[in-house]
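The values are calculated or read from the model by the stated rules, or taken from the named source; none is laboratory data. Predicted model only: the values in this text are computed from it and were never measured. Quick reminder, even Gly has a Cβ in these numbers, built from the backbone with ideal geometry, and neighbours come from all protein chains shown.
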Amino acid sequence: MITQQRKLVTELPGPISKSLAQRRVAAVSSAVSGGSDIYVAGAEGAILLDVDGNQIIDFGSGIGVTSVGHSDPRVVAAVTEQAASFGHTCFMVNPYENYIELCEKIAEVTPGDFDKRSVLLNSGAEAVENAVKIARAYTGRQAVVVFDHAYHGRTNLTMAMTAKVSPYKDGFGPFAPEIYRVGMAYPYRWPTGPENCAEEAFADFVGQVHIQVGEQHVAAVVLEPIQGEGGFIVPAPGFLAKLVEWCHANGVVFIADEVQSGFCRTGAWFAVEHEGIVPDLITTAKALGGGLPIAAVTGRAEIMNAPVPGGLGGTFGGNPLSCAAALAAIETMEAEDLPGKARRIGEVLSARLTALATQFPQIGEVRGRGAMMAIEIIVPDGSKAPDAALTKAVVAACIRRGVAMLSCGSFGNVIRMLPPLVSDISLIEDAMDVLAEAFAEVLG
């Protein structure tokens, strides 16, 4: 059992981690990003145990995957039982019950009281790609509208949908056609101020789509209700509702990409609930599997049933081990009220980060919802110029102290916080103390 506390017994990274980093250079492609050089030997709850015996507070959750915590007992038991039964048949060849059971459960917890269907897949990018296929089959149209600062994946189609070139698209073109990008309702950086953001951003959206694409050609609008890799950008209040209304008026499928924000992370089961909207299709992954790879597209039955029979699927989609893990993870989310725990974590993070921003003017904005919080780091000269170098230095200082932090953002100047939703509040407080120490160290 790993105690739920930060504990350092060596400098970070330790000697065994350093030796593994050397082995990595000789065996792993340098194109796989390195993150930190701290190698994990075990994990439980919100703590990572590294190969040198250090205990590190996990503020990344494997990029939002382990929301139920590492080695959740329900997930471990369910996967163990399933593995002892069978591990793979391919649902398209020899089906099994827990695929159906998981689709039923996802239909129950996702927004909307209409008749729903799902398809199970392997990753968030695969879910987004299939959602686009489904929307095109349903509408008979080809164009897809996406937004600045978006991240939707690394496949050819989802690279085209992703906004940031480096490192996600650099050198990998040509990309899939019929993808059109419009401006994002980014309140902190909206030219005329956040109070005008929703109205003006929506007007820009309507104008750009009308002129550049034509409403009659649009199959889908795809948006993250809180943008993840782009910087944890929360759209201006009301912007999402205007988009959904426009989509319905123009026969366009609205797809909510909840791969990172879904399954309790924001203090609601899904981030769209904060805006009171119901998407036609919703893509999920990450936290759904409780640590195992699985993804889903879920939505209105008439849309989901539009592709030809056999048009959706894949060898490993809805693998029985992953289905078992997902069902167990959802059980934990319900039994332990993880939306409520996310809200409590969010209250603590918001208070501590807001206080930190008064101390360090380099923190330009504190934003997010629930346990999906971030700070945007700037040059404090009134220009709001992004400071990626300071961001990188603060993250590194946190890691040296035993808190695994992640950066993100189109400009590389955002520190994002995605702790497991089962984290003790004492760990959240400790991590915030470390973040304050890191800023003080780096800024001298």
ask   = From ARG23, ARG6, which residue is assigned by TED's automatic domain parsing to the domain that holds SER426, among the charged types (D, E, K, R) and either within 27 Å of the chain's Cα centre (by Cα) or on the phi < 0 side of the Ramachandran plot (or both)?
value = ARG23
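For the stretch 375-386, how many residues are touching a Pro at 6+ places or on another chain (Cβ under 9 Å) and surrounded by fewer than 21 Cβ atoms within 10 Å (Cβ to Cβ)?
Of the stretch 375-386, the ones touching a Pro at 6+ places or on another chain (Cβ under 9 Å) are 376-380.
After this cut, where a residue has to be surrounded by fewer than 21 Cβ atoms within 10 Å (Cβ to Cβ) as well, the list is 379-380.
The qualifying residues number 2.
On the basis of being modelled with pLDDT of 95 or more, touching a Pro at 6+ places or on another chain (Cβ under 8 Å), assigned by TED's automatic domain parsing to the domain that holds ILE255 and of a type in the set (A, V, I, L, M), does ALA137 make the cut? Before the answer, list the steps.
Numbers: modelled with pLDDT of 95 or more: yes; touching a Pro at 6+ places or on another chain (Cβ under 8 Å): yes; assigned by TED's automatic domain parsing to the domain that holds ILE255: yes; of a type in the set (A, V, I, L, M): yes.
Taking the combined requirement at face value, the residue satisfies it.
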inquiry  = If I ask for residues that are touching a Cys at 6+ places or on another chain (Cβ under 8 Å) and surrounded by fewer than 21 Cβ atoms within 10 Å (Cβ to Cβ), which ones from the stretch 188-237 would you list?
reply    = TRP190
task = Scan the stretch 275-290 residue by residue and report those that are crowded, with 24+ Cβ neighbours inside 10 Å and not charged (D, E, K, R).
result = PRO279, LEU281, ILE282, THR283, THR284, ALA285, ALA287, LEU288, GLY289, GLY290
query = So which residues in the stretch 175-192 are hydroxyl-bearing (Ser, Thr, Tyr) and within 21 Å of the chain's Cα centre (by Cα), if there are any at all?
reply = TYR186, TYR188
key: Within the stretch 243-282, considering residues that are farther than 24 Å from ARG136 by Cβ and of a type in the set (A, V, I, L, M), the one nearest to the chain's Cα centre (by Cα)   = ALA271
inquiry  = Just to be sure before I move on: is ALA31 under 26 Å from the mean Cα position of the chain (by Cα) and at pLDDT below 95 in the structure I sent?
reply    = yes
ask   = Quick check, is VAL366 over 30 Å from GLY87 (Cβ atoms), touching a Ser or Thr at 6+ places or on another chain (Cβ under 8 Å) and either assigned to a strand (DSSP E or B) or not polar (S, T, N, Q) (or both)?
value = yes
task = Look at the stretch 177-195 and say how many of its residues are more than 20 Å from GLU215 (Cα to Cα), touching a helix residue (DSSP H, G or I) at 6+ places or on another chain (Cβ under 7 Å), without any contact (Cβ under 8 Å) to a residue 40 or more places away in the chain and not polar (S, T, N, Q).
result = 0
request  = Report yes if THR284 is of a type in the set (Val, Ile, Thr) and within 30 Å of ASP430 (Cβ to Cβ), otherwise no.
outcome  = no
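Got a sec? Which of GLY346, GLY340 is within 29 Å of PHE270 (Cβ to Cβ), buried (at least 16 other Cβ atoms within 10 Å of the Cβ) and either modelled with pLDDT of 95 or more or over 20 Å from the mean Cα position of the chain (by Cα) (or both)? Spell out how you get there, then give the answer.
Numbers: GLY340 fails: buried (at least 16 other Cβ atoms within 10 Å of the Cβ).
Step by step, each of GLY346, GLY340 is checked, and only GLY346 is within 29 Å of PHE270 (Cβ to Cβ), buried (at least 16 other Cβ atoms within 10 Å of the Cβ) and either modelled with pLDDT of 95 or more or over 20 Å from the mean Cα position of the chain (by Cα) (or both).
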task = Tell me, yes or no, whether the stretch 37-49 has at least one residue that is touching a Gly at 6+ places or on another chain (Cβ under 8 Å), assigned to a loop (DSSP other than H, G, I, E, B), surrounded by 13 or more Cβ atoms within 10 Å (Cβ to Cβ) and outside the structural domain of ALA342 (by TED's automatic domain parsing).
result = no
task = Identify, by number, the condition in (1) touching a Lys or Arg at 6+ places or on another chain (Cβ under 9 Å); (2) outside the structural domain of ALA268 (by TED's automatic domain parsing) that ILE106 doesn't meet.
result = (2)
Condition broken by ALA201, with the remaining ones in (1) outside any helix (DSSP H, G or I); (2) under 24 Å from the mean Cα position of the chain (by Cα) satisfied = (1)
